């Protein structure tokens, strides 16, 4: 089965996407780790990189992780993970699978936004 949907941890922030688009125009396609959840991919990172790629018509390079593959907590920008620990990719995908996410359709590697969940930027 070909997976044609990619979900993100939360929706994107347009101001941050604009900054990432500028960077991406010189750096090229982003690399984003995603988990194969059977009927969709769940991105563990890269919310703004994925949206920037979609707007620029660039196919992101997806590193597809199996459910049982280990991911180092320190490689993710998540506050609630224990530093120095590793977690199964499927466990992480299950933790972030909620209503506030973004969702893209995938066609020949290109992304089209279907849903953008509410994003509340952190203060600071």
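Bear in mind that the values in this text are calculations on the coordinates, not laboratory data. This is a predicted model, so every value here is computed, not measured. Don't worry about glycine lacking a Cβ; one is built from the backbone with ideal geometry, like all the others, and counts go over all protein chains shown.
At-a-glance table
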{"quantity": "Solution diffusion estimate, µm²/s, Stokes-Einstein, the chain, Kirkwood Rh from C-alpha pairs, 20 °C, viscosity 1.002 mPa s", "calculated": "146"}
{"quantity": "For the chain, calculated [θ]222 nm from helices alone, where every DSSP H run of n ≥ 4 adds -39500 (n - 2.57)", "calculated": "-7500 deg cm²/dmol"}
{"quantity": "Point-to-point label distance, residue 39-residue 59, nm (Cα→Cβ direction, 7 Å offset)", "calculated": "2.6"}
{"quantity": "Label-to-label distance, nm, for residues given as residue 110 and residue 80 (7 Å Cα→Cβ offset)", "calculated": "3.7"}
{"quantity": "Spin-label zone in region 13-38 - amide nitrogen under 17 Å from a point set 7 Å from the Cα of residue 67 along the C-beta vector", "calculated": "34-38"}
{"quantity": "Inter-centroid distance (Cα atoms) of region 64-94 relative to region 1-63, Å", "calculated": "18"}
{"quantity": "Selected from 54, 15, 29 as most flexible by GNM, with the chain as the system and alpha-carbon contacts under 10 Å", "calculated": "15"}
{"quantity": "Beta bridges by DSSP in the chain, antiparallel share as percent, to the nearest 5", "calculated": "70"}
{"quantity": "Percentage relative contact order, the chain, counting C-alpha pairs under 8 Å, at least six apart", "calculated": "33"}
